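Here, each number is a calculation from the coordinates, and none is a lab measurement. Just so it is clear, the structure is predicted and the values come from calculations on it, not from any experiment. Every residue, glycine as well, gets a Cβ built from its backbone with ideal geometry; the counts of neighbours run over all protein chains shown.
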Amino acid sequence: MFLSVFDIFKIGVGPSSSHTMGPMTAANLFLGVLHERGDAGLARVRCSLHGSLAFTGKGHGTDRAVRLGLLGFAPDTIDPDAAEAADSRLRETGRIVHEGLPEFAFDPENDLIFDYGPALPGHANGLILWALDAQGEKLTTRTYYSVGGGFVVDATELEQTQEGGLGEMRRELGVPYPFDNAAEMLALGEESGLTVAQMKRANELVLRDEAALDAGMDAIWETMKACMERALKMDGTLPGGLHIRRRAKGIREALLREHGTNIADPYAINEWLSLYAMAVNEENAAGGKVVTAPTNGAAGVIPAVLRWYFDHHPGATREGVREFLLTAAAVGGLIKHNASISGAEVGCQGEVGSASAMAAAGLTAVRGGTNMQIENAAEIALEHHLGMTCDPVGGLVQVPCIERNGFGAVKAVTASSLALRGDGVHFVSLDACVETMRQTGIDLSDKYKETSKGGLAAMLPAC
């Protein structure tokens with residue numbers, strides 16, 4: 001199994017990696033299918049959303065994401081102003097024009113269907129796109145699954161993934177340190193004498209050279225910082241109808257007024273960590289530019305812990321940031337491969353829980369922890385998120401998501417400290433914890449897996 005650091009950390013837009021970035025990517029992929037076919041008879045495109053995409057699609061902007069994908073926009077390169085102008089034209093005309101294709105209809109009201117019946121068989125986040133001729137006859141169709149963290153697979157790829165086919169394709173890349181689980185990761189580290197980050201770096205270099213790898217990771221960190229800084233300057237309320245106030249700017253001003261940057265205050269670490277995490281997720285909720293870490297809903301945890309390390313850890317360096325990201329990506333890849341990072345599939349334990357485990361591992365690495373201590377830190381952080389539900393009020397990534405990222409960051413630092421106080425030997429392995437999360441996700445009612453039909457979403461309805 002090999003997932004690149006750039007598979008785990010993707011630059012994109014809010015508010016959701018699975019409900020916004022994924023559907024935008026899927027619609028864009030379908031546009032590519034249409035270009036490949038070049039059907040002269042193309043007259044209309046339709047899309048149906050299923051499972052969690054239907055139940056919380058409005059709150060996550062899934063409908064707009066599909067429109068933008070069909071208009072040719074992609075999450076990592078989108079120009080917000082151009083996207084808004086193009087979307088406005090589409091909503092007025094119901095027509096899409098692309099060079100190399102016939103002009104075709106897409107009525108945002110009637111051609112985008114929210115199907116509230118059973119989810120598609122492959123995953124809780126499914127969508128179907130199909131092209132029609134002027135008589136309404138189907139020309140071609142594709143089923144896509146948005147499986148969390150901005151990852152999108154079509155039905156064939158999902159089947160290959162479940163059968164191990166894509167894993168074998170990854171192995172053919174010839175990565176020098178292939179590990180499918182934490183036990184294998186530790187064994188390879190012991191055998192080679194390398195850290196988790198060093199093994200991850202060696203694997204990444206199969207795909208790109210040193211300069212490209214470092215430049216890509218630096219871009220991830222710069223995007224994370226820029227996201228925080230934008231939010232720390234913003235007042236007002238978040239979009240979506242809940243009228244949630246932005247708090248990050250006010251909290252930061254109060255902290256600076258009361259304590260400056262003094263971290264000797266016994267509460268300072270928790271307050272600054274929570275502030276950084278909440279800032280990212282306020283920006284995400286507003287549809288801003290964020291990094292999946294490993295998802296948008298959990299995008300604040302890793303930047304908060306990384307910012308804490310960079311600002312307050314003696315001797316922190318840019319190389320340390322890269323070591324943090326590589327270590328976190330290694331752990332995130334294991335969790336995604338063996339369980340899930342999708343709230344629609346396993347609840348928020350798979351989003352904030354995974355992010356906290358990744359952050360704990362990264363922080364432990366840059367604090368000089370051994371591979372065993374890194375694995376222990378990840379396990380501690382994940383263990384204490386087991387069973388966490390995904391119950392966004394109004395289908396928006398706001399309540400309880402924004403504050404929950406702050407708690408995930410605090411737990412990550414605590415987990416790292418606990419692991420560093422030990423020798424890495426512990427009772428519950430990371431592999432056992434990941435499998436427990438997977439099984440718990442299976443057992444969770446769909447009400448608690450990003451459908452907004454249970455939990456806080458039911459107790460505090462948006463209306």
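When Rg and Dmax are taken over the Cα atoms of region 112-262, they come to 23.3, 70 Å.
Listed from fewest to most Cβ neighbours within 10 Å, the set 177, 448, 267 follows the order 267, 177, 448.
Remark: 282, 36 ranked as 36, 282, counting other beta-carbon atoms within 10 Å and listing the fewest first. By how many degrees, 0 to 90 and rounded to 10, does the Cα axis of helix 210-231 deviate from the longest principal axis of the chain? With rounding to tens, the tilt is 80 degrees.
Considering helices alone, the calculated mean residue ellipticity of the chain at 222 nm is -16000 deg cm²/dmol, with DSSP H runs of length four and up weighted by -39500 (n - 2.57) and normalised per residue. Normalised by the number of residues in the chain, the mean separation of alpha-carbon contacts (under 8 Å, six or more apart) gives a relative contact order of 19 percent. Evaluated at q = 0.12, 0.15, 0.19 Å⁻¹, a Debye calculation over the C-alpha positions of region 17-162 (equal weights, vacuum) places log10 I(q)/I(0) at -0.44, -0.70, -1.14. Toward the positive end of the charge dipole of the chain, with +1 on the Cβ of Lys and Arg and -1 on the Cβ of Asp and Glu, the farthest Cα among 110, 355, 312 is that of 312. For the Cα trace of region 232-311, dividing Rg by the Kirkwood Rh returns an Rg/Rh value of 0.99.
Charge dipole of the chain (Cα centre as origin; +1 on each Lys and Arg Cβ, -1 on each Asp and Glu Cβ, all else neutral): 1140 debye, rounded to the nearest 20.
Here region 336-463 is assigned +1 on the Cβ of each Lys and Arg and -1 on the Cβ of each Asp and Glu. Its dipole about the Cα centre then comes out at about 260 debye.
If you take all other residues with their beta carbon under 15 Å from the beta carbon of residue 279, and give Lys and Arg +1 and Asp and Glu -1, the sum is +3. Simple rule: put +1 on each Lys or Arg Cβ and -1 on each Asp or Glu Cβ in the chain, find the dipole, and look at 69, 395, 145; the Cα lying farthest toward the positive end is 395.
Once the chain from residue 74 to residue 93 is taken as fully extended at 0.36 nm per residue, the excess over their C-alpha distance is 4.7 nm. Across all directions, the average projected area of the convex hull around the alpha carbons of region 276-341 is 4.7 nm². Would you work out which of 377, 303, 334 lies farthest towards the positive end of the dipole of region 243-391? Charges go on Cβ: Lys and Arg +1, Asp and Glu -1. The residue sitting most towards the positive pole is 303.
Calculated on the Cα set of region 190-229, radius of gyration then Dmax: 13.1, 42 Å. Between residue 137 and residue 319, the simple spin-label model (points 7 angstrom out along Cα→Cβ) gives 6.6 nm. When the Debye formula is applied to the Cα atoms of region 353-436, each taken as the same point scatterer, what base-10 log of I(q)/I(0) results at q = 0.11, 0.23, 0.25, 0.26 Å⁻¹? Listed by q, the Debye log ratios stand at -0.30, -0.97, -1.09, -1.15.
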